[in-house]
1. Give me, ordered by chain and number, the residues 5 or more places off Thr142 or on other chains with an amide H under 5 Å from its own placed amide H.
2. Report the rotationally averaged projected area of segment 79-228 based on its alpha-carbon convex hull, in square nanometres.
3. Using the Karplus curve 6.51 cos²θ - 1.76 cosθ + 1.60 with θ = phi - 60°, what ³J(HN,Hα) values do you get for each residue of segment 211-223, in whole Hz, with x for Gly and Pro?
4. Give me the distance in nm between label points sitting 7 Å out from Cα along the Cα-to-Cβ direction at Ser195 and Arg83, one decimal.
5. Taking a quarter of the surface of the convex hull around the Cα atoms of segment 163-225, what do you get in nm²?
6. Would you work out the charge dipole size for segment 163-225 about its Cα centre, treating the Cβ of every Lys and Arg as +1 and the Cβ of every Asp and Glu as -1, and quote it to the nearest 20 debye?
7. About the Cα centre, and with charges only on the beta carbon of Lys, Arg (+1) and Asp, Glu (-1), how big is the dipole of segment 88-228? Nearest 20 debye, please.
8. Kirkwood Rh, segment 105-150, all Cα pairs: how many Å?
Amino acid sequence: MEAQDLTARVARKAATAQICAVSVATTMEDHNQLELGAWVGRNQAFHLLANHCLAARAQCLEIIRESGAYRALNLTWDEFCTRHAGMSRSNADRLIQKRRQFGDAYFRLSEVMRISPVAYRCVETNVTPEGLDIDGETIPLTPENAPKIRRAVNTLLADLRDAQARQHHMSAAITRLQSQIDIAFQEMSVMASRSLDPACRAGFDGLLHYTRAKLDRVNRDFRAANPR
């Protein structure tokens with residue numbers, strides 16, 4: 001109940017901030033200034049609601065920056081961010097960049113759990129408009145699902161780390177095998193270039209047939225396990 005009251009109070013403050021900003025904007029001289037006042041009001045309202053409106057806040061800031069509307073206040077973008085957006089220019093640019101790069105889905109997930117852009121890239125394909133997809137289940141991105149979502153994301157990240165560890169181990173093994181094969185074939189090349197007596201020649205010929213048979217068997221096993 002206390003949480004609901006707090007949310008309601010914050011929402012009322014946010015609405016008041018937006019209304020006040022739009023009211024101030026109506027005293028400006030032209031339509032562009034009116035639009036700027038409205039966007040500033042929306043940004044301030046979203047700022048009061050903190051993370052719960054990050055996507056919309058990023059959109060407001062992007063529109064103001066790209067349109068150059070902040071110049072109507074005789075401010076630079078840097079000054080506008082500090083005075084009216086409640087953040088530094090670098091933070092505002094970073095917020096806009098995140099929305100451009102990841103879309104609103106990133107912010108929707110950020111509203112229910114802390115997640116870095118690097119971690120989000122790893123689970124991005126699991127985030128849909130309906131929620132977070134994992135093991136055939138879609139978990140809606142709502143505050144009440146926050147614990148479940150955190151567990152699901154942590155599971156996805158752990159699975160990814162395990163897969164990367166397996167891939168690293170396999171890559172190292174392939175490199176090691178290649179070195180061993182290079183050594184073996186180098187020795188075989190040296191032997192093949194020599195004049196051998198009949199017994200050794202027969203033995204080496206048998207080695208070549210044995211090597212080809214083994215490689216053919218490995219190739220068949222590989223193709224069966226890894227069809228194109």
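1. Correct list: empty.
2. 15.9 nm²
3. Going residue by residue, I get 5, 4, 5, 5, 5, 4, 5, 4, 5, 4, 4, 5, 5 Hz, with x marking Gly and Pro.
4. 9.7 nm
5. On the way: hull surface 20.6 nm².
Across all orientations, segment 163-225 yields a mean hull projection of 5.2 nm².
6. Using Cβ point charges on Lys, Arg, Asp and Glu, segment 163-225 gives about 260 debye.
7. Details: 22 positive and 17 negative charges, 69 e Å.
The dipole magnitude comes to about 340 debye.
8. 10.5 Å
Since every read-out is calculated from the coordinates, none of them should be taken as a lab result. Worth saying up front: this structure is predicted, and the values here are computed from it rather than measured. All Cβ positions, glycine included, derive from the backbone under ideal geometry; neighbour counts span all protein chains shown.
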